[in-house]
Each structure stands twice: as structure tokens, then as C-alpha cells.
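The next block holds one structure in the form of C-alpha cells; read it before the comments.
The values are calculated or read from the model by the stated rules, or taken from the named source; none is laboratory data. Note that the structure is predicted; figures quoted are calculated from it, not measured. Ideal geometry is used to build each Cβ from the backbone, glycine not excepted, and the neighbour counts take in all protein chains shown. Keep in mind that these areas ignore ligands, DNA and RNA; they rest on the heavy atoms of the full protein, side chains included. Shrake-Rupley method; radii C 1.70, N 1.55, O 1.52, S 1.80 Å.
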Amino acid sequence: MRRHHDMGGLPAGPVEQAEHDYAPWEKRVAAIMRLVSDDKRRLMTVDELRRGIEELGPGAYDDYNYYERWISSITNVLIEKGILNVDELGRRMEDVRTRRSQAK
């Protein structure tokens, strides 16, 4: 059975191949993935990243860009493994919101 993300052989339009500048948050997501998957930590594998992306529902998969899919997958896998928990993540996100609003 074909899953939502599996578009092999289906018409999907042209693939954008032009290089672009990466936003700082995209670079951070790539760095996070390198850190959690490095030989020292081994918290997550590239296969787990892919599985997490493939498990995103059709709405999220279609609406998120490349690095949004990555950070969603990384977050879900780390929660799944008990490395992060939802409450801790929520508190840290609120801390970031507070710091950003105070910086303005």
C-alpha cells in the first residue's frame, strides 16, 4: 500500500534545483540532527529521521517544508525515546517566546 509521502512515479511538477541561502533556523535544525546522530551521542539515526518524516500525517507532510519535517521528526523521535518530554518542550518553547518578545 502506498503511503501519502510516497510520490514515486506520480506527477508532482518540477523539482526546484536552485541553491538557496539557508535561514538560520534551518542551519540549526541541520546542526541538531548532526548532534543527535553523531558517533558520540547516537540518540537517533538517519533511518529514524526518515521514519518520523514518513509518519507525518498528510496535512503536516504537505504543509511543512523540508526542515520543518526534519525538526518535527527529530522532536517526535526524541519524545518517543524519552529523551525529551512534552512538558519540558512546552516550557522551553515558552521561554524562547518570552525572550523573543523581550528583545523586541
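Under the condition of being surrounded by 12 or more Cβ atoms within 10 Å (Cβ to Cβ) and part of a helix (DSSP H, G or I), the residues counted in the stretch 46-56 number 7.
Okay, residues lined up against (1) part of a helix (DSSP H, G or I); (2) at pLDDT 95 or above; (3) touching a strand residue (DSSP E or B) at 6+ places or on another chain (Cβ under 7 Å); (4) surrounded by fewer than 13 Cβ atoms within 10 Å (Cβ to Cβ):
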residue	(1), (2), (3), (4)
Met1	no, no, no, yes
Glu68	yes, yes, no, no
Ser72	yes, yes, no, no
Arg100	yes, no, no, yes
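Residues that are open to solvent by 30 Å² or more (accessible area, probe 1.4 Å) and in a helix (DSSP H, G or I) were ranked within the stretch 57-66; the one that is nearest to Met33 (Cα to Cα) is Tyr66. One residue stands out in the stretch 21-45 among those that are of a type in the set (A, V, I, L, M, F, W, C), closer than 18 Å to Asn65 by Cα and touching a helix residue (DSSP H, G or I) at 6+ places or on another chain (Cβ under 9 Å): the one that is most open to solvent (accessible area, probe 1.4 Å), namely Trp25. Determine, yes or no, whether Ala18 is open to solvent by less than 70 Å² (accessible area, probe 1.4 Å), modelled with pLDDT under 95 and either hydrophobic (A, V, I, L, M, F, W, C) or under 19 Å from the mean Cα position of the chain (by Cα) (or both). Yes.
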